[in-house]
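Here the structure is laid out as structure tokens; the discussion comes afterwards.
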Amino acid sequence: MNYLITGAAGFIGSKLCRELANQSNQIVAVDNFTNYYDVNLKKARIKEFLTSPNIKLVDLDIGNREEFDNLLINSRSEVVINLAAQAGVRLPIQQIDEYVSSNLVGFSNVLQSIVANKVPYFLYASSSSVYGDKAAIPYMESEQNLHPNSFYGATKLANELLTPTLIQNSSTAARGLRFFTVYGPWGRPDMAYFRMIANVISGAEFNFFGDGSVERDFTFIDDAVNSVVALTTELQKRKPGYYDVVNLGGGRPLSMNYLLQTVSSISKNEVKFNRLNSNLNDAKKTMSDSKYIESLIGSKPSTKLEDGIAKTIEWAMREDISSNLNNWVKSVQ
């Protein structure tokens with residue numbers, strides 16, 4: 001099949017492109033190489049994941065509707081997977097426009113274009129951040145009490161509200177993917193696990209927010225990618241106009257203190273950190289109810305945090321990676 005994937009040089013996007021290309025699909029891989037973190041990390045991912053002859057890499061900003069429209073028409077894509085977004089929950093108010101331009105304007109451009117051009121299947125990255133702190137634990141896709149704690153989470157909820165308004169009566173079946181704290185090799189240097197590992201390997205500075213009691217439902221990158229592939233295949237059984245959202249999480253919440261202990265134990269080095277106040281944008285706990293994803297594809301993310309962190313530390317100790325960890329962490333303030 002012909003795929004168009006945005007955010008293709010990102011953490012999830014790069015590995016997803018390679019997985020789909022390895023299955024003999026044709027991929028148009030789109031990224032605008034934003035400098036939210038060191039662009040050299042994206043370039044390293046390209047070298048690692050996007051060199052297949054089945055992948056065509058395109059430098060394009062989804063904020064430009066006309067350019068995206070032309071690319072979509074020329075690519076003849078049957079599946080569009082939108083992973084492009086301004087990530088993270090801690091951008092200062094002076095940079096809120098980054099969320100607006102990518103997560104709202106850019107997303108709207110993609111959505112309008114796929115509907116107008118009758119693309120059969122559309123999937124996009126949402127987030128566990130849509131649930132906030134008022135939803136019942138574990139989080140279920142049917143939850144109505146959604147109050148995101150962050151502007152980022154609110155933009156993702158907006159995506160979920162916008163999509164069905166255009167999908168109904170269209171030629172497209174669509175699915176939102178609520179990712180739960182995806183981690184692993186080649187990840188984002190703004191995330192706690194990455195910064196902890198960079199600290200024990202290269203001495204990079206690590207700021208630890210709060211008392212460590214915050215809990216996250218950690219999802220290993222391989223599980224996330226395999227789930228997206230399976231959910232894409234399942235969506236192809238659906239009729240035009242179909243729409244749903246799916247949790248991508250395993251339902252095993254663990255505290256940041258446990259993450260800290262795990263990194264220290266596996267690396268055999270103590271994580272040294274600066275203790276800072278809690279961030280109000282952080283939800284106190286995330287936990288996926290995985291019944292729906294299991295009903296759709298027969299599985300859920302299941303890699304244990306301990307195993308995933310061990311694989312990530314092994315990756316981070318590679319000479320070509322360890323020599324860059326400090327710069328990658330410093331690039332995100």
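Computed from the coordinates by the stated procedures, all read-outs in this text should not be read as laboratory data. Keep in mind that this is a model prediction, so the values were computed, not measured. Please note: Cβ atoms are built from the backbone with ideal geometry, for glycine as well, and neighbour counts cover all protein chains shown.
Quick look at the values:
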| item | result |
| --- | --- |
| Largest-first ellipsoid semi-axes for the stretch 25-85, taking √(5λ) over the Cα gyration tensor eigenvalues, angstrom | 20, 16, 8 |
| Between 0 and 90°, nearest 10: helix 151-167 axis offset from the chain longest Cα axis | 20 degrees |
| Label-to-label distance, nm, for residues given as residue 116 and residue 22 (7 Å Cα→Cβ offset) | 3.7 nm |
| Partners for residue 134 among aspartates and glutamates (Cα-Cα distance below 20 Å; same-chain residues under 8 apart left out) | 143, 160, 215, 217, 282, 289 |
| Under 5 Å, built H, 5+ apart or other chain: amide partners of residue 182 | 219 |
| Principal-axis tilt of helix 256-267 within the chain, Cα atoms, nearest 10 degrees | 70 degrees |
| Computed [θ] at 222 nm, helices only, for the chain once each DSSP H run of length n ≥ 4 contributes -39500 (n - 2.57) | -11500 deg cm²/dmol |
| Full-extension gain in nm, residue 140 to residue 307, via 0.36 nm per residue minus C-alpha separation | 57.5 nm |
| Cut-off 15 Å between beta-carbons: net charge of the residues surrounding residue 46, Lys and Arg +1, Asp and Glu -1 | +2 |
| Calculated from backbone phi, Karplus (6.51, -1.76, 1.60) coupling profile of the stretch 192-208 in Hz, x at Gly/Pro | 4, 4, 5, 6, 4, 5, 4, 5, 6, 9, 10, x, 4, 5, 10, 9, 9 |
| Per-residue Cβ neighbour rank within 10 angstrom, fewest leading, 300, 291 | 291, 300 |
| Gain upon complete extension [residue 239, residue 161; 0.36 nm per residue less C-alpha separation] | 26.1 nm |
| C-alpha long axis of helix 221-235 to longest principal axis of the chain, angle in ° | 20 degrees |
| Volume per residue of the C-alpha convex hull in the stretch 41-145, rounded to whole Å³ | 162 Å³ |
| The chain - percent relative contact order, Cα under 8 Å, separation 6 or more | 19 percent |
| Of [x] 1.21; [y] 0.94; [z] 1.12, the label for Cα Rg over 2.2 N^0.38 Å derived from the coordinates | [y] |
| Among 59-67, 6-14, 208-216, the order from most to least packed when residues are scored by Cβ within 10 Å on average | 6-14, 208-216, 59-67 |
| Which listed pairs, of 268/311; 15/47; 15/43; 43/272; 156/291; 15/311, have C-alpha distances above 18 Å, in listed order | 43/272; 156/291 |
| Packing-based exposure ordering (other Cβ within 10 Å, fewest first) of 266, 96 | 96, 266 |
| For the chain, built as a Gaussian network whose Cα springs stay under 10 Å, the top-fluctuating residue of 150, 24, 290 | 24 |
| Cα-based shape type of the stretch 83-170, given that a ≥ b ≥ c are square roots of the gyration tensor eigenvalues and the cut on a/c is 1.5 | oblate |
